[in-house]
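J.: Below is the structure I would like to discuss, written out as structure tokens.
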Amino acid sequence: MNNKAIGIFDSGIGGLTVYKALKEKMPDEKMIYLGDTARLPYGSKSAETIIKFSEDNAFFLLDRDVKIIVVACNSSSSYAVPNLQDKLDIPVLGVIEPGAEAAVKWSKGCIGVIGTTATISSKAYDRAILEKDANANIIAKDCPLFVPLVEEGWLQHPVTRLVIEEYLLPLKEQGIDSLVLGCTHYPVLKNSITDVLGKDIKLIDSAEVVTEKVYSILKSLGWLRQGRSVGVQEDEFYVTDFPERFKKVGEIFLNRKIEKVTAVSI
Ligand code: DGL
């Protein structure tokens, strides 16, 4: 198992926020990333469709013999993780639990949660947060325009700023002290969101907590890769459409070159 890769999937480039954190913590590990760009966005789809797409993605990664799957998509994590955990023989980890854990640890007052329409209407974050703190005060809001803005690469664009103001200033007015970025695309907008909300509202990105969890699962199973570092150029990136766009926006976000993005049908 040690030399097998870590599999990661998202609907698009959002999961790169998780890939980045995993790679920083575990540079020796090889990663295989799948962005289902042909069927993006997931956030406006039904639970059944998201479960089906998530299964397709997981089986694609399984065919590449990965040792663990990180569901780096909140919309998929909201609906599909228990199903994948039942069906697969390898560990499958979602991003909701880690995000909720970080929010409860940090917040002293009201927790804002933003995500796609699918994630927010699933109430997966509300359940996960309330399980950890039954008295938690939560304000949840879907922000469906953020994903296309990120996929377009409009990270600091004036239009993006206006959309952030429209969605998030009402949460600030309602007194949130923390904001769960409940979509893996949103951390890409962290700087622009901080510009609008100010530094006093803590932005919570589940990538770090997810990374710690993946590390401890692999460690406890004795599955961490031994020996020589795997260079980032050896990681594999697959998308189901528009490889050039993924490469371009992904390189801006990761601030490094992505050697190759391969288009596949799944
Ligand atoms: N990045 C994904 C998430 O965390 C999905 C975005 C989308 O495809 O709508 O929810």
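The values are calculated or read from the model by the stated rules, or taken from the named source; none is laboratory data. Note that this is a predicted model, so its numbers are computed, not measured. Here the Cβ is made from the backbone with ideal geometry for all residues, glycine too, and neighbour counts use every protein chain on show. SASA here: full protein model, heavy atoms, side chains in, ligands and nucleic acids out. Shrake-Rupley method; radii C 1.70, N 1.55, O 1.52, S 1.80 Å.
J.: Determine which residues of the range 60-77 fall in the zone a paramagnetic label at E131 would reach in this model, i.e. backbone nitrogen under 14 Å from the point 7 Å along Cα→Cβ.
T.: The answer is 77, whose backbone nitrogens lie closer than 14 Å to the label point.
J.: Still on this structure, I have one more. What do the square roots of 5 times the Cα gyration tensor eigenvalues come to for the range 196-266, in whole Å, largest first, as semi-axes of the equivalent ellipsoid?
T.: Numbers: eigenvalues 126, 119, 32 Å².
So the three semi-axes of the range 196-266 are 25, 24, 13 Å.
J.: Using only Cα atoms, tell me the angle between helix 96-106 and the longest principal axis of the chain; keep it within 0 to 90° and round to the nearest 10.
T.: Once rounded, one gets 50 degrees.
J.: Sticking with this one: Test of the criteria: in the range 141-226, which trypsin sites (Lys or Arg not before Pro) are in a DSSP loop and have at most 11 other Cβ atoms within 10 angstrom of their Cβ?
T.: Details: sites: K141, R161, K172, K190, K199, K202, K213, K219, R225; in loops: K199, R225.
Filter output for the range 141-226: K199.
J.: At q = 0.12, 0.19, 0.21, 0.22 Å⁻¹, work out log10 I(q)/I(0) for the range 97-205 with the Debye formula, treating every Cα as an identical point scatterer and leaving solvent out; two decimals please.
T.: With one equal scatterer per Cα and no solvent, log10 I(q)/I(0) is -0.36, -0.90, -1.10, -1.20.
J.: Hey, another quick one. Are there trypsin sites (Lys or Arg not before Pro) in the range 55-90 that DSSP puts in a loop and that have at most 14 other Cβ atoms within 10 Å, and which ones? Numbers along the way, then the final one.
T.: Details: sites: R64, K67, K87; in loops: R64, K67.
For trypsin sites (Lys or Arg not before Pro) across the range 55-90 that sit outside H, G, I, E and B with at most 14 neighbouring Cβ atoms in 10 Å, the list reads R64.
J.: Hey, got the dipole for the range 1-123? About the Cα centre, +1 on K and R Cβ, -1 on D and E Cβ, debye to the nearest 20? Walk me through the numbers on the way to the answer.
T.: Details: 14 positive and 14 negative charges, 69 e Å.
About 340 debye.
J.: Work out the FRET efficiency for E251 and T49 from their Cβ-Cβ distance, taking R0 = 35 Å, and round it to the nearest 0.05. Provide the component values of the computation, followed by the final result.
T.: Working: r = 30 Å, r/R0 = 0.86.
According to the calculation, E is roughly 0.70.
J.: Roughly speaking, what is the stretch gain from I217 to T117, that is 0.36 nm per residue apart minus the C-alpha to C-alpha distance, in nm to one decimal?
T.: On the way: separation 100, 0.36 × 100 = 36.00 nm, distance 3.05 nm.
So the chain would gain 32.9 nm between I217 and T117.
J.: What does the net charge come to around W223 if you take all other residues with beta carbon closer than 14 Å to its beta carbon, with K and R at +1 and D and E at -1? Mind dumping the intermediate values first?
T.: On the way: positive: K4, K30, K67, K213, K219, R225; negative: D28, E29, D65, D89.
Residues close to W223 contribute a combined charge of +2.
J.: Here is a further query. To the nearest 20 debye, what is the magnitude of the charge dipole of the range 58-216 about its Cα centre, counting +1 on the Cβ of each Lys and Arg and -1 on the Cβ of each Asp and Glu?
T.: On the way: 15 positive and 21 negative charges, 40 e Å.
The dipole of the range 58-216 has a size of about 200 debye.
J.: What is the dipole size for the range 141-180, taken about its Cα centre, with +1 at each Lys and Arg Cβ and -1 at each Asp and Glu Cβ, in debye to the nearest 20? Each step should come with its number before you reach the end.
T.: Working: 3 positive and 7 negative charges, 14 e Å.
Rounded to the nearest 20 debye, it is 60 debye.
J.: Along its principal axes, what span do the Cα atoms of the chain show, with the longest given first and each in whole Å?
T.: 49, 39, 36
J.: Using a 1.4 Å probe on the protein chains only, how many percent of the accessible area of the chain belongs to carbon and sulfur?
T.: Carbon plus sulfur share of accessible area: 50 percent.
J.: Can you give me the distance in nm between label points at D28 and R161, each placed 7 Å from the Cα along the Cα-to-Cβ direction?
T.: Here the answer is 4.6 nm between the modelled labels.
J.: Averaging the inverse of every distinct alpha carbon separation and then flipping it gives the Kirkwood radius. What is it for the range 71-146, in angstrom units? Could the numbers behind the result be given before it?
T.: Details: mean 1/r = 0.0774 Å⁻¹.
Result for the range 71-146, one decimal place: 12.9 Å.
J.: Calculate the translational D of the range 24-165 in whole µm² s⁻¹ from Stokes-Einstein, where the hydrodynamic radius comes from the Kirkwood formula applied to all Cα pairs, the temperature is 20 °C and the viscosity 1.002 mPa s. Kindly include the intermediate steps, with their values, before the conclusion.
T.: On the way: Rh = 16.6 Å.
Estimated via Stokes-Einstein, D reaches 129 µm²/s.
J.: For the range 130-266, just the Cα atoms, rotate onto the principal axes and tell me the three extents in Å, largest first.
T.: Principal-axis extents of the range 130-266 (Cα, largest first): 50, 38, 29 Å.
J.: Calculate how steeply helix 74-87 sits against the longest principal axis of the alpha-carbon atoms of the chain, using the helix alpha-carbon long axis, and give the answer as 0 to 90 degrees to the nearest 10.
T.: For 74-87 against the chain, the angle is about 40 degrees.
J.: Set Lys and Arg Cβ to +1 and Asp and Glu Cβ to -1, take the dipole of the chain about its Cα centre, and tell me which of S54, V196, Y215 lies farthest positive.
T.: So the residue furthest toward the plus end is Y215.
J.: Roughly what angle does helix 16-25 make with the longest principal axis of the chain, taking Cα atoms, 0 to 90 degrees, to the nearest 10?
T.: The helix 16-25 is inclined about 70 degrees to the chain.
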